[in-house]
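**Q** Handing you this structure, nothing more for now.
The values are calculated or read from the model by the stated rules, or taken from the named source; none is laboratory data. Keep in mind that this is a model prediction, so the values were computed, not measured. Every residue, glycine among them, receives a Cβ derived from its backbone with ideal geometry; neighbour counts consider all protein chains shown. When the accessible area is computed, the model is the full protein with side chains, heavy atoms only, and any ligands, DNA or RNA have been set aside. Shrake-Rupley method; radii C 1.70, N 1.55, O 1.52, S 1.80 Å.
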Amino acid sequence: MTSRNSGAARAGGGAGWDAGLYDRSFGFVAAFGSDMLDLLAPEAGERIVDLGCGTGTLTAAIAERGAEVIGIDGDAAMVERARALHPALAFEHADGRDFAIEGTADAVFSNAALHWMKEEPAQVIACVARALRPGGRFVAEMGAHRNVRIITDALYRALAEEGVPAEAVDFPWYFPRTSRYVALLEEGGFDVVQLHYFARPTPLDDCPNGLADWIAMFGRNFTDAAPPGRAQAVVERTVALTRARLCPDGRWVTDYTRLRFVAVRTAGDETAAV
Ligand code: BEZ
């Protein structure tokens, strides 16, 4: 595997994640992704890339099904932990817009990672296409249009109350509309053979402080925009603003929406249908 650029693919250019906390409190990310394995349907002997592999939980599950798997992540701390947890597997630190593998893969898999690769999604798709053999499959789930909208609306409102305009926040994610992402896939040399856009309310059962933990893990671009010394106040206000909708009975459940798809790399010599 080679990368021409080591920028962050997962964390949108931010500093490294707390990979241990990620596994302890956000294990649901991999747990929800496990039914993606059935969609991927890895076969023994296949070569598969796990793009945005995090700490490697699903990479290992793919390997257990007999495939040769390469995990790639843009966050160095995630890759380090993945290597420590799964020493027999191959992990690489590389940018989703600029990775390459030796030879080609039968499939590229990605769970809850493409939305972190917010810059130049067409380049991510181009890299995936280059990594795949013709007929190879791209099987992924990502946050989509309206994902975590209740949370981000509340964060923006809490910041506005502190005098911070929305433009001060470097929005950290790419949550495309279905039509936009399908167009990118088709322009990038894929036929979309399955696609599902759906709401998937996602509980935060392993987060002792509920949404405040989620914001601490994922929402730093918002809290970093708060005036000096006011980040905690922004978190508390966001929690207060969302509690009635996301935690009506004492259990925090976030408002995730997903785009899940299977796309097949075309041979490249097919005439596009108009
Ligand atoms: C997601 O998986 O949709 C997601 C995770 C963290 C932050 C934002 C979205």
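**Q** Among bridges DSSP assigns within the chain, what percent are antiparallel (round to 5)? Before the final figure, lay out each step's value.
**A** On the way: 22 of 40 bridges.
Antiparallel bridges make up about 55 percent of those DSSP assigns within the chain.
**Q** Keeping the other protein chains in place, figure out the carbon and sulfur percent of the accessible area of region 171-274, with a 1.4 Å probe. Could you put the intermediate results ahead of the total?
**A** Numbers: 2780 of 5530 Å².
Carbon plus sulfur share of accessible area: 50 percent.
**Q** Also, quick follow-up: What is the extension gain from GLU120 to ALA233, computed as 0.36 nm multiplied by their sequence separation minus the C-alpha to C-alpha distance, in nm to one decimal?
**A** Numbers: separation 113, 0.36 × 113 = 40.68 nm, distance 3.35 nm.
37.3 nm is the gain from fully extending GLU120 to ALA233.
**Q** Here's a follow-up. Compute, for the chain, the length of the dipole vector about the Cα centre, with Cβ point charges of +1 (Lys, Arg) and -1 (Asp, Glu) only. Units Debye, rounded to 20.
**A** Values: 27 positive and 37 negative charges, 114 e Å.
For the chain, the charge dipole is close to 540 debye.
**Q** If you take every residue apart from THR242 with its C-beta less than 12 Å away from the C-beta of THR242, what net charge results, scoring Lys and Arg +1 and Asp and Glu -1? Display every interim value, and only then the final one.
**A** On the way: positive: ARG149, ARG157, ARG237, ARG243, ARG245; negative: ASP153, GLU236, ASP255.
Around THR242, the surrounding residues sum to +2.
**Q** If you add up the charges near PHE109, with Lys and Arg at +1 and Asp and Glu at -1, over every other residue whose beta carbon is less than 10 angstrom from its beta carbon, what do you get?
**A** Working: positive: ARG137; negative: ASP50, GLU141.
Net charge around PHE109: -1.
**Q** In addition: Sequence gap at least 6, Cα distance under 8 Å: using those rules, report the relative contact order of the chain to the nearest whole percent.
**A** Numbers: 552 pairs, mean separation 57.4, N = 274.
Value for the chain: 21 percent.
**Q** Another question, if that's okay. Treating the angle as unsigned and between 0 and 90°, give the value, to the nearest 10°, between the Cα long axis of helix 76-85 and the longest Cα principal axis of the chain.
**A** Its long axis makes an angle of about 70 degrees.
**Q** Give the Rg (one decimal place) followed by the Dmax (whole number) of region 122-184, computed from C-alpha coordinates and expressed in Å.
**A** My reading of the Cα-based Rg and Dmax gives 16.6, 52 Å.
**Q** Turning to a different aspect of this structure: Would you mind counting up the charge near ALA63? Only other residues with Cβ under 13 Å from its Cβ, with Lys and Arg at +1 and Asp and Glu at -1.
**A** -3
**Q** Another question, then. If you stretched the chain out fully between ALA199 and ALA267, how much longer would it get, using 0.36 nm times the residue separation minus the C-alpha to C-alpha distance? Before the final figure, lay out each step's value.
**A** Details: separation 68, 0.36 × 68 = 24.48 nm, distance 3.33 nm.
Here the answer is 21.1 nm.
**Q** Based on the Cα atoms of region 136-259, what semi-axes does the equivalent ellipsoid have, where each is the square root of 5 times one gyration tensor eigenvalue, given in whole Å with the largest first? Don't skip to the end; give the middle numbers.
**A** Numbers: eigenvalues 184, 65, 25 Å².
The equivalent ellipsoid of region 136-259 has semi-axes of 30, 18, 11 Å.
**Q** Also: For the peptides 157-165, 193-201, 213-221, what is the packing order when you average, over each peptide's residues, the other Cβ atoms within 10 Å and list the highest mean first?
**A** Working: 157-165: 15.6, 193-201: 12.4, 213-221: 18.9.
Averaged packing, sorted descending, gives the order 213-221, 157-165, 193-201.
**Q** Could you state the accessible area per residue of the chain in Å², with a 1.4 Å probe and every protein chain left in place?
**A** Values: 11990 Å² over 274 residues.
Solvent-accessible surface per residue comes out at 44 Å².
**Q** A further question follows. Can you find, among HIS93, TYR256, SER34, the residue sitting farthest towards the positive end of the charge dipole of the chain, where Lys and Arg contribute +1 and Asp and Glu -1 at Cβ?
**A** Value: TYR256.
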